[in-house]
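The values are calculated or read from the model by the stated rules, or taken from the named source; none is laboratory data. None of these values were measured; they are calculated from a predicted model. We place every Cβ from the backbone using ideal geometry, glycine too, and count neighbours over all the protein chains shown.
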Amino acid sequence: MQMVNHYFRVLGKKLKDEHKVVSRVWKKWLRWDSLIRKTPFMERHTQWSRWRKSRWSSPAPSAVKWAVLRRYGFAEGAWIESGTYYGRTTAYLAKRASRVWTIEPSESLAGLAAKKLARFSNVELVRGLSENVLSGLLQEVESRGEVELSLWLDGHFSEGGTFLGPSETPIIAELAAVEERLPNIPRWAIFVDDFRCFEPENPKYSTYPTRSFLVAFSERNGLNWTVEHDIFVCWKR
């Protein structure tokens, strides 16, 4: 009987030790798995997987939208972005553009983005509503003698952690500010994200202007225009 008790004590200790080892290995794996999932490669993979499962419906992954910005924007010119969010697109633009101004009205999001963007000397984060600050930024760009300007207008409220201002979208005020300055800067590229939302007959997007509003803005100012991956693009070269 003593031998049996000894056997089970030894077995119990071994199982306990093995459990500790397995537990340590599992915790390490979870930590590594968490780190791996946060790498740019895995983030892109996750976004592409979700996009494929949605049968390529909008919105597209960031990499697809960035390709549109790259195709129509001025690579080495100045950029203005409304809606910094976490600063991922800002960082992408900063690696290519001569100067980037990015507008974020949320203090909490601006604080997070400021840490991410601190390494870029060519980025200025402007805190405030784009409908209040964009006009002044355009004047600054003009006074610097910039001849190429690209605008990424993505300051719409998109639920989640995005900022909700006086209106779900500041696009009418933003394009009014742009229209005042259009004659003074030779080359423009203007990108308006979430084109699918410009459907005010849908109660969900009742505060948005119509899609024809964007088309009329482009044609009134002699701009070419197209739509790619839920982005309305108009430009003058």
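Test residue 27 against the criterion of being over 30 Å from residue 224 (Cα atoms) and at pLDDT 75 or above, and give yes or no.
So residue 27 fails the test.
If I ask for residues that are surrounded by fewer than 17 Cβ atoms within 10 Å (Cβ to Cβ) and either under 19 Å from residue 140 (Cβ atoms) or modelled with pLDDT under 90 (or both), which ones from segment 74-106 would you list?
75, 76, 98
What do you reckon, is residue 113 out of contact with any Pro (no Cβ under 9 Å at 6 or more places or on another chain), closer than 25 Å to residue 181 by Cβ, small (Gly, Ala, Ser) and assigned by TED's automatic domain parsing to the domain that holds residue 231?
Against the criterion (out of contact with any Pro (no Cβ under 9 Å at 6 or more places or on another chain), closer than 25 Å to residue 181 by Cβ, small (Gly, Ala, Ser) and assigned by TED's automatic domain parsing to the domain that holds residue 231), residue 113 does not qualify.
Considering only segment 210-220, I want to know if a residue exists there that is more than 16 Å from residue 150 (Cα to Cα) and either in contact with a Pro (Cβ under 8 Å, 6 or more places away or on another chain) or outside the structural domain of residue 146 (by TED's automatic domain parsing) (or both).
yes
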